[in-house]
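Student: Dropping the structure in here first, questions after.
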Amino acid sequence: MLPLRKRLSYQQAKWALLLVLFLGSIVSVAQIVIDWQHEQKHVDARVEKILNILKDPAIQAAYSLDRQLAAQVISGLMKDDAIFEAELKDDFGGIIARQRVAPSDDHLGWLAELLVGRIIFFSTPLIVEPDLRVGQINVWVDGAIITSDFVSRSIRVLLFGLARNLVLGIALLGLFYVLTSRPLAQLTQQLKQLDQQARRPKGLTYLDGHQEDELGILVETFNQVWASRDQTESLLAEKEAYFRAVMEQSGEALILADLEGNILDVNAEACRSLAYDSDELVKLTLADIDANSSHRSIVIWVRAIEEGRPVSIDSHFRRKDGLVYPVEIRCNLVTLNGQKCLLASIRDMSERRKAEDRVHYLAYYDDLTKLPNRRLLQNRLELTLSVARRHQHIGALLFLDLDRFKMVNDSLGHAAGDELLALTAVRIKGCLREEDTAARIGGDEFVILVPELSDDLSVAQNLVRQLAQRLLVEFSLPFNIRDQSVYITVSIGISLFPFNDATGSDLLQQADTAMYQTKAKGRNGYYFYRAEMQTHANERLIIEKALHLAIENAELSLQYQPQVNAQGELSGFEALIRWNHPTLGRVPPDRFIPIAEETGLILSIGRWVMVEACHQLLILQAKGLPKTFKRLAINISPRQFADDGFVDEVRDVLRLTGADASFLELELTEGMLVKNIDAVILKMKTLKQLGFSFSIDDFGTGYSSLRYLKHLPLDLLKVDQSFVRDIVWDSNSRAIVHTIIAMASHLDLALIAEGVETDEERQILSKLGCKNYQGYYFSRPVNAELLVSLVGHRVEFPLLRVESIE
Amino acid sequence: MPLYASLFASMLLSPFSVGQTLTLSAEHYPPYTIDVSTDTDTTNLAITNIDGKKMHAGLDIELIRHAYAVMGVDTKFKFSPWKRVMRNVRLGNILGGISCRRTKSREAFADFSNPVSQSGLAFITRSDFKGKIPQYLAGLKSLNVVIVSGYAQQSMLESRRINYSTASSLTQGLNLVQHRDYDVFFSGWEGSAYEAKRLGYLDKLVFTRPATIATNAFHVCFSKMYAESGKWRLVLNEGLEKIRIQGAMTTIKQKYGIQGKYDSMSYLAGNKN
């Protein structure tokens, strides 16, 4: 029950009463004012009337200076109780008669003082016709008495008005209660019961006598809204249940947060992955679980979403138990109850990151010895070489090969051999400084990279000689393998750098050569490589010079290595360039391509390759390509792809040759893709629109960044032949290939293995899930004529009969 | 003395004074001063001027007008209540007033001309008055006495500490003694008799002359405060002397029935006093 002062009827009556009081007061005041104006005239008229009555006797008294008559006149005036003093004067101001009584002591005298003044003075000249002034009458009137009637009347008006308005207010209170408040209270009671009743009623019931009035309309309208609300609520409940189910069944963690980062809702996966209860999570902010998240970052995300850019962030979440794990966050904006919220979809990247790390580790380290492998060594070597060149100090590369290791393997078994290799690595590392690198580049081959020895050649030679001798001493001690003492020696080849333009590969080759020199000289020793330095430089100069004329002299040619599917059917070719120089003979691509890259000749050579390959494609198409044929792969060099005019160049080639780009595949290497990724994507998408497909050559040897991979419009991954080559005996290579195959599947990319040379390799690859192959096992590269023949005869692979074609 | 006064008066009258009009104030007090504009009973006494307008009449007015006229001075008369006349004389508002008895109180502010006419005093009682009519002023002490306010009788009674009541006029005084509880109306003989006759009950009143009071003369009382009042008093005295010598004074007095000292008016003949 509402208290009286809160009831509508009371409020209405109160305001009505106040209004009535206000208006009534205004009317009363207006009445009093009008009355007062009239009263003022009345006051003047009253005194004037008395004076007029007594004027003639007064004139006579003044004229005749008759004091007795004057006294009678004054007495006559004083009979009016309002006059408390009167006097009659002659024309010279002499008082003929005067009378005075004390003014009244009225408690409302202040009111009279306010209205007319406490004392009112009247004076009338006494004039004998025509114009003889014989005196004057002065009269003092008591304002309190003259206004007493008016004051009494005014007080009555106010009091009666007040009483009337109070009665009116009480009457209005009752009336409003009966007509408005009571029905409303009944409706309110019904409304309260609506939500309290377990079974929801259909609405309000009409009040007796109010079916047709506004309350009836109110009930009717409310019932309509109520019904509509019921409908909406059930719809909302269904939708909410649906979305809740979607959210809960999502495999990804979903977090709903406001734009301040306060978590509003989570799904079960989020609770599971973060190891929190949902009640605990909704008390946290994104910053509590993600150190990288902040209000500023949320603002940036929101802006990106509003600008239509996808928001995908790699970050790390912190579980309740403190464990931090990598996540990929994708954000969307949703509006709930008019409030913008972030809906974050979180994918646990732990497994993927582990796989990436594992790929990286396997790609760069030798799992057996935990030493860097050839690839990492190559990277470090190149880096070291450039630093040494810049700072003009001398470093050394030591190539170590265990002597008669095969014998250990054969006698003690591969496991013992592996154990020996691991111990060898430990022993080598024990001889090195922190900044030195020891790597295992294959079998029993180790390489030591010493970045900085000295600025002086002889000092450097002495130092590296000491290192070699120390290594020989270390290896002179027996290895304890399976309770057996195994003695083994090592042959060491040393190359110093930097000298001339020797690359890392050159240095490795030099050290290798020096090592063979040691072997040749009886093992268990070391040799410096020096003699071939100038020869190598000269050879490079000759190649560069000859390469300028290679296209003009038609010395270049293309060979095509078939690519086959699991059924041995032809699925494509890879175009491979060959250079046959009149005097230099066959120059392998790995000799002249780097020089072409370096000199820029690769641009014209690349164009020549594309034109040649397109012509060949047209010829093959004219011959009739098998249904299984999908691609003619063309290798694109980094410099060629990076060239700003590459896309136009490709368009021009297509226009010139009329080739169908949908049968052309551009092979790129990983290194070409990671720099300026946005421009690369744009360029690739443009070429995609022309019909080209893309593959990544030598996959696994580069950066292997999955993040970039998923953004690139790739079609095919080519597993590097180095993994394939070792896949039979090296479990690490198998693991790498397995991972790459799984990754390609996950990214929805086709995959082909390069360098398949044996059926054993093919079988292993097949078991790992590989379905496309390329390599000598199936076919060596063939020339254009044979290519046409192969296509024309629909041959199956492996193609044993053409092995001697090249 | 009259000779010297006459000479002095003649010396005073400069050529510029001749032809001047003097204004004197008076109260309607028949037969001495008659306001012909209000008193219809005295029309027989009225004087018509050469321009046809009536001139104020009365014994004193005609004597004074005549006296000044022989001195070459024109006169006008203005009527107002006697108290107002006396107040104006006292304050110097007017040159002088008539007809004026000589009293101590008036000497303070007025100079008196030579007597113009005479008037006796009378204790006026109703004819059916049962009490003893007094012979002396002291005899009034035991009676209800009424006098005209401001008249000379007032100072007489006050000097003798005799209680009295006042009336505003002769008419009121006569009415009071005739119709109210007043025993004696103490007033001038001739004036009262003239008014009583006008009121129609002269025969119902008894006039008794106070034994110790001589007949008083009427003068012109000149205001001491009024400029050159002394000169005009002397001129009047000279004029009066001339008309007395010429006999005009006697003629005028005969016209009003008052000829000399202690004379009663002829129409009062038959009264026991």
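Any read-out appearing in this document is the output of simple, stated calculations on the displayed coordinates, not a laboratory observation. Computed from a predicted structure; not experimentally measured. Neighbour counts run over all protein chains shown; Cβ positions are idealised from the backbone, glycine included.
Student: How much FRET efficiency would the formula 1/(1 + (r/R0)^6) give for B:F129 and A:K14, where r is the Cβ-Cβ distance and R0 is 60 Å, rounded to 0.05? List each step's numbers first, then the result.
Tutor: On the way: r = 89 Å, r/R0 = 1.48.
The value I calculate is 0.10.
Student: Please compute the modelled spin-label separation between A:D652 and A:D357, points set 7 Å along Cα→Cβ, answer in nm with one decimal.
Tutor: Label-label distance for A:D357 and A:D652, simple model: 4.9 nm.
Student: Could I have the simple spin-label model distance between A:D208 and A:I95, label points 7 Å from Cα toward Cβ, reported in nm to one decimal?
Tutor: 8.5
Student: Right, something else. Which pairs, out of A:K340/A:K683; B:K104/B:K132; A:K623/A:K685; A:K354/A:K710, put more than 26 Å between their alpha-carbon atoms? Intermediate results must be reported in sequence, preceding the final value.
Tutor: Values: A:K340/A:K683 36 Å; B:K104/B:K132 30 Å; A:K623/A:K685 31 Å; A:K354/A:K710 17 Å.
Where the Cα-Cα span goes over 26 Å, the pairs concerned are A:K340/A:K683; B:K104/B:K132; A:K623/A:K685.
Student: Per-residue HN-Hα couplings for the range A:489-496, Karplus 6.51 cos²θ - 1.76 cosθ + 1.60 at θ = phi - 60°, whole Hz, x for Gly and Pro?
Tutor: 10, 9, 9, 10, x, 10, 10, 9
Student: What's the extension gain from A:E113 to A:V246 if we count 0.36 nm per residue and subtract their Cα-Cα distance? Could the numbers behind the result be given before it?
Tutor: On the way: separation 133, 0.36 × 133 = 47.88 nm, distance 8.89 nm.
Full extension of this stretch gives 39.0 nm more.
Student: What is the local net charge at A:M247, summed over the other residues whose Cβ is closer than 13 Å to its Cβ (Lys, Arg +1; Asp, Glu -1)? Mind showing how you got there, number by number?
Tutor: Values: positive: A:K239, A:R244; negative: A:E240, A:E248, A:E252, A:D265, A:E269.
Local net charge: -3.
Student: Once the Cα atoms of helix A:533-550 and of chain A are each reduced to a long axis, what angle between those two axes, in degrees from 0 to 90 to the nearest 10, is obtained?
Tutor: Its long axis makes an angle of about 80 degrees.
Student: Report the gain in length on full extension from A:Q190 to A:A679: 0.36 nm times residue separation, minus Cα-Cα distance, nm rounded to one decimal. It would help to have the intermediate numbers written out before the result.
Tutor: Numbers: separation 489, 0.36 × 489 = 176.04 nm, distance 6.93 nm.
Working it through step by step, the gained length comes to 169.1 nm.
Student: Let me ask something else. So how many Lys-Lys pairs in the range A:1-157 land under 17 Å Cα to Cα, not counting same-chain pairs under 8 apart?
Tutor: Numbers: A:K6/A:K14; A:K41/A:K49; A:K49/A:K79; A:K55/A:K79; A:K55/A:K89.
Number of lysine pairs found: 5.
Student: Starting from the Cα of B:T250, step 7 Å along the direction of its Cβ; do the same at B:T171; then give the gap between the two resulting points in nm.
Tutor: 3.8
Student: Roughly what angle does helix A:784-793 make with the longest principal axis of chain A, taking Cα atoms, 0 to 90 degrees, to the nearest 10?
Tutor: The answer is roughly 80 degrees.
Student: Something else about it: Straight-line reach from A:K320: which lysines have Cα under 20 Å away, leaving out those fewer than 8 places along the same chain?
Tutor: A:K283
Student: Something else about it: If the cut-off is 17 Å between C-alpha atoms, which aspartates and glutamates fall inside it for A:K202, apart from same-chain ones fewer than 8 positions away?
Tutor: By straight Cα distance, A:K202 reaches A:E220, A:D230, A:E233.
Student: Compute the length gained on full extension between A:V387 and A:K627: take 0.36 nm times their separation in residues and subtract their Cα-Cα distance, giving the result in nm to one decimal.
Tutor: Details: separation 240, 0.36 × 240 = 86.40 nm, distance 5.32 nm.
Here the segment from A:V387 to A:K627 would lengthen by 81.1 nm.
Student: Among the chymotrypsin sites (Phe, Trp or Tyr not before Pro) within the range A:708-806, which fall in a DSSP loop and have no more than 11 other Cβ atoms within 10 Å of their own Cβ? Walk me through the numbers before you get to the answer.
Tutor: Working: sites: A:Y708, A:F723, A:W729, A:Y773, A:Y776, A:Y777, A:F778; in loops: A:W729, A:Y776, A:Y777, A:F778.
Taking the range A:708-806 and a limit of 11 other Cβ atoms within 10 Å, the loop chymotrypsin sites (Phe, Trp or Tyr not before Pro) found are A:W729.
Student: Follow-up. Please work out the FRET efficiency for the pair A:H414 and A:L336, using the Cβ-Cβ distance as r and a Förster radius of 41 Å; give the result to the nearest 0.05.
Tutor: Numbers: r = 64 Å, r/R0 = 1.55.
About 0.05, to the nearest 0.05.
Student: To the nearest 0.05, how large is the calculated FRET efficiency for A:R46 and A:I170 if R₀ is 45 Å and r is the Cβ-Cβ distance?
Tutor: On the way: r = 42 Å, r/R0 = 0.92.
Between A:R46 and A:I170 the formula returns 0.60.
Student: Specify, per residue and in Å³, the volume enclosed by the convex hull of the alpha carbon atoms belonging to chain A. If you can, show how the numbers build up before the last one.
Tutor: On the way: hull volume 359.2 nm³, N = 806.
With only Cα atoms used, chain A gives 446 Å³ per residue.
Student: Summing -39500 (n - 2.57) over the DSSP H runs of n ≥ 4 in chain A and dividing by its residue number, what mean residue ellipticity at 222 nm do you reach, to the nearest 500 deg cm²/dmol? Working shown, then result.
Tutor: Values: 30 runs with 414 residues, N = 806.
It comes out at -16500 deg cm²/dmol, rounded to the nearest 500.
Student: Still on this structure: What residues have an amide H closer than 5 Å to that of A:L204, excluding those fewer than 5 places away on the same chain, when H is modeled at 1.01 Å from N in the peptide plane?
Tutor: Here the answer is A:N223, since their amide H atoms fall under 5 Å of that of A:L204.
Student: Let me ask you something else. If N is the number of residues in the range B:59-171, what value comes out of its Cα radius of gyration divided by 2.2 N^0.38 Å?
Tutor: Against the compact-globule rule of thumb, the ratio is 1.26.
Student: With θ set to phi - 60°, apply the Karplus curve 6.51 cos²θ - 1.76 cosθ + 1.60 along the range B:151-163 and write out the HN-Hα couplings as whole Hz, x wherever there is a Gly or Pro.
Tutor: With coefficients 6.51, -1.76 and 1.60, one gets 6, 5, 4, 4, 5, 5, 5, 5, 5, 9, 6, 9, 5 Hz.
Student: A further question on this structure: Using the Karplus curve 6.51 cos²θ - 1.76 cosθ + 1.60 with θ = phi - 60°, what ³J(HN,Hα) values do you get for each residue of the range A:572-579, in whole Hz, with x for Gly and Pro?
Tutor: In residue order, the calculated couplings are x, 9, 10, 6, 10, 7, 10, 10 Hz.
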